[in-house]
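Remarks on the structure that follows.
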Amino acid sequence: MNELIFFINFVLISGAVIGSIYAIGAIGVTLIFGILRFAHFAHADMMTMGTFIVLILTALFPAVGPAIGLPTAFVMMPVAMAATAVIAIGLDKAFYKPLRDNNVKPVVMVMASVGVTLMLQGLIRFFAGTGTQSLYIDDRKSIFSFNLSDASESIVVTEPQILLFLFTIFAVVALHIFLNRTRLGKAMRAMSDNPDLARVSGINTNTVVGVTWVIAGALACAAGTLLSLDVTLKPDLSFMILLPIFAAAIVGGVGHPYGALVGGFVVGFAETLAVFNWAILLRPLETAFGWDLPADLSFVPTEYKITIPFFILVAILVWRPTGILKGKVL
Amino acid sequence: MALLETHDIYAGYGGMNILNGVKMSIEQDEIGVIVGPNGAGKSTTLKAIFGLLNISEGSITLRGDDITNNAPDALVRKGMAFVPQEHNVFVSLSVEENLEMGAFTRKDDYSYMLERVYSFFPDLKDKRRQPAGELSGGQRQMVAMGRALMVEPSLLLLDEPTAGLSPLYMNEIFERVIAVNESGVGVLMVEQNAKQALRIAHKGFVLAAGQNRYTDTGANLLADPEVAKSFLGG
């Protein structure tokens, strides 16, 4: 029984946690690609920046959370999401719009976003230092454990993980309604489908671009904050997950938000399944089959986890280049 | 006052003029048809009128107002709608969503226009929930025209609406163009199927090398042996 609980804790829950983070990040990347047709490399540092805004707000008003029984950082997250959305629009106006107006090639936009990412990294370290910070200032992380009858180990879920799952469901449902039921959401899909025709139809393409940055920026802030609540906040936290996020977006089919969701969980679970020590689960069968299992039976050592998204990326590009769901449109 | 007038417009790409003084005039109740050989500047004329191409000389007026080099979305608000020749539907959006996108500039309730478009193109009503990319070429053309009609334009610009369609669909599209025109929409269209198009035209413009070669009523152009010999294949 304990073996199964290990599996649930280290594969199912961990995979769902990291998968949700990848999914929220990848949705932003894929929306930006769908509308603006370039890979936005500064997305991860937009996450980190949003998280630092949450940290500042949490430090300023540490008593808000305990008053309503939620982590202060989570309560501050919507405010920081709005702020990050505004900053995202500002970054677009300052760095990407001038290039767009000159009809540059997409690769120029990509390089500009690399520049923006380096700038954000510098700014974050300049103001916040390089150390590790916790988003829990005046409150403590609640941990819920569930005991199964005949097991000594228990299933462990933390409060931020539950908040993450709830937020992911909320964000996906809200995005679905926005894209399929509202005028602006449909215009976003139209522009991603055929930008020239969108212009000819009289759709205000600048508004659509603005909405795209608002959604991508807000989601980036949320992903960074929810990840930092689960672990800790470091200036390079999000940059380290840039690759899996891009892998998730491409696996799901670039430009396809539901694909990004699926891709996020595919990459997340692939990582946890690959680093899981399968010897734990197979040990009960050892005597029955007369096996001699080694102590560690994982596909990939934990420190090489980053190779998993690389592998998935290569595999997808070789066998199904358009992604799981066909990419290119919202 | 004429609905649309172009006063000797010059336009082109990258400093090279394709239009060298195109002169046209359309009344509110008219269908105007632009014909001419390949490279004559037919589609370029429509694009220049709809602000998709910079006009270097000359001017365009809509009911007397200067609209030269206005942006497409401004022209849509002024009552103009344009149907490009290719890629003229949002393939991943449903038929009805395509129509809604045509009404993007409208702030009022446009649901009655959906019904009116479905009455022009009854085929589309059954397929309203289907992605436009799954429709046949003729049905796509109807979606594209329907999308353009959603703003209740006073002038509809059509770029080769029958290109690549079977003769059956071609006749159907022309019938719809006549119906749309009779509902009070001025139409200016470019056509490769010159003879058939001139038959429904109140005014015909034969372009060659970016200039008007002949300008007359559709019937007169069809009857002119010179025009027939040089431009309508005998």
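The values are calculated or read from the model by the stated rules, or taken from the named source; none is laboratory data. Quantities reported herein were computed from a predicted structural model and do not represent experimental measurements. For neighbour counting, all protein chains shown are included, and Cβ atoms are generated from backbone atoms with ideal geometry for every residue, glycine included.
Below is a table of values for the structure above.
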{"item": "Count of residues meeting criterion [farther than 15 Å from B:Gln141 by Cα, without any contact (Cβ under 8 Å) to a residue 40 or more places away in the chain and more than 7 Å from chain A (Cβ to nearest Cβ)] in the stretch B:78-110", "result": "4"}
{"item": "Checking A:Tyr258 against (1) within 14 Å of another protein chain (Cβ to nearest Cβ); (2) part of a loop (DSSP other than H, G, I, E, B); (3) out of contact with any helix residue (DSSP H, G or I) (no Cβ under 6 Å at 6 or more places or on another chain), the condition it does not meet", "result": "(2)"}
{"item": "Subset of the stretch B:111-130 [more than 18 Å from the chain's Cα centre (by Cα) and surrounded by 17 or more Cβ atoms within 10 Å (Cβ to Cβ)]", "result": "B:Met113, B:Leu114, B:Tyr118, B:Leu124, B:Lys127"}
{"item": "Helices (runs of 4 or more DSSP H) lying entirely in the stretch B:189-234 (those with 1 or more residues that are at pLDDT below 90)", "result": "B:225-231"}
{"item": "Qualifying residue in the stretch B:68-76 (condition: in contact with a Ser or Thr (Cβ under 8 Å, 6 or more places away or on another chain), within 14 Å of another protein chain (Cβ to nearest Cβ), closer than 25 Å to A:Asn206 by Cα and touching a residue at least 24 places away in the same chain (Cβ under 8 Å))", "result": "yes"}
{"item": "Tally of residues being part of a loop (DSSP other than H, G, I, E, B) and within 16 Å of B:Ala48 (Cα to Cα) across the stretch B:80-104", "result": "2"}
{"item": "Residues satisfying the stated conditions in the stretch A:189-204, i.e. buried (at least 21 other Cβ atoms within 10 Å of the Cβ) and either more than 7 Å from chain B (Cβ to nearest Cβ) or under 21 Å from B:Lys78 (Cα atoms) (or both)", "result": "A:Met191, A:Ser192, A:Leu197, A:Ala198, A:Val200, A:Ser201, A:Gly202, A:Ile203"}
{"item": "Members of the stretch B:177-195 that are buried (at least 17 other Cβ atoms within 10 Å of the Cβ) and not charged (D, E, K, R)", "result": "B:Val177, B:Val180, B:Asn181, B:Val185, B:Gly186, B:Val187, B:Leu188, B:Met189, B:Val190, B:Asn193, B:Ala194"}
{"item": "Subset tally (residues that are closer than 22 Å to A:Ile24 by Cβ and in contact with a strand residue (DSSP E or B) (Cβ under 7 Å, 6 or more places away or on another chain)) for the stretch A:143-181", "result": "2"}
{"item": "Matching entry among A:Thr272, A:Thr207 (being away from chain B (no Cβ under 14 Å) and part of a helix (DSSP H, G or I))", "result": "A:Thr272"}
{"item": "Residue that is surrounded by the fewest Cβ atoms within 10 Å (Cβ to Cβ), among those in the stretch A:210-254 that are small (Gly, Ala, Ser) and not in a helix (DSSP H, G or I)", "result": "A:Gly253"}
{"item": "Conditions (1) more than 14 Å from chain B (Cβ to nearest Cβ); (2) touching a residue at least 12 places away in the same chain (Cβ under 8 Å); number of the one not met by A:Val231", "result": "(2)"}
{"item": "Filter pass, B:Glu134 being within 9 Å of chain A (Cβ to nearest Cβ), out of contact with any Pro (no Cβ under 7 Å at 6 or more places or on another chain) and more than 25 Å from B:Leu53 (Cα to Cα)", "result": "no"}
{"item": "Number of the exception - A:Asp92 against (1) over 15 Å from A:Ala39 (Cα atoms); (2) in contact (Cβ under 8 Å) with a residue 24 or more places away in the chain; (3) among the acidic types (Asp, Glu)", "result": "(1)"}
{"item": "Any chance B:Phe50 is within 10 Å of chain A (Cβ to nearest Cβ) and either in contact (Cβ under 8 Å) with a residue 40 or more places away in the chain or at positive phi (or both)", "result": "yes"}
{"item": "When residues of the stretch A:165-184 are limited to those that are exposed (fewer than 13 other Cβ atoms within 10 Å of the Cβ) and away from chain B (no Cβ under 14 Å), the one farthest from A:Phe265 (Cα to Cα)", "result": "A:Ile177"}
{"item": "Of all residues making up the stretch A:309-329, the number that are touching a residue at least 60 places away in the same chain (Cβ under 8 Å), within 19 Å of A:Val267 (Cβ to Cβ) and either out of contact with any helix residue (DSSP H, G or I) (no Cβ under 6 Å at 6 or more places or on another chain) or part of a helix (DSSP H, G or I) (or both)", "result": "9"}
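Per-residue answers, yes or no, for (1) in a loop (DSSP other than H, G, I, E, B); (2) touching a residue at least 40 places away in the same chain (Cβ under 8 Å); (3) within 30 Å of A:Asn103 (Cβ to Cβ):
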position	(1), (2), (3)
A:Phe127	no, yes, no
A:Leu135	yes, yes, no
A:Lys141	yes, yes, no
A:Phe144	no, no, no
A:Ala151	yes, yes, no
A:Val156	no, yes, no
A:Val172	no, yes, no
A:Asp196	no, no, yes
A:Ile203	yes, no, yes
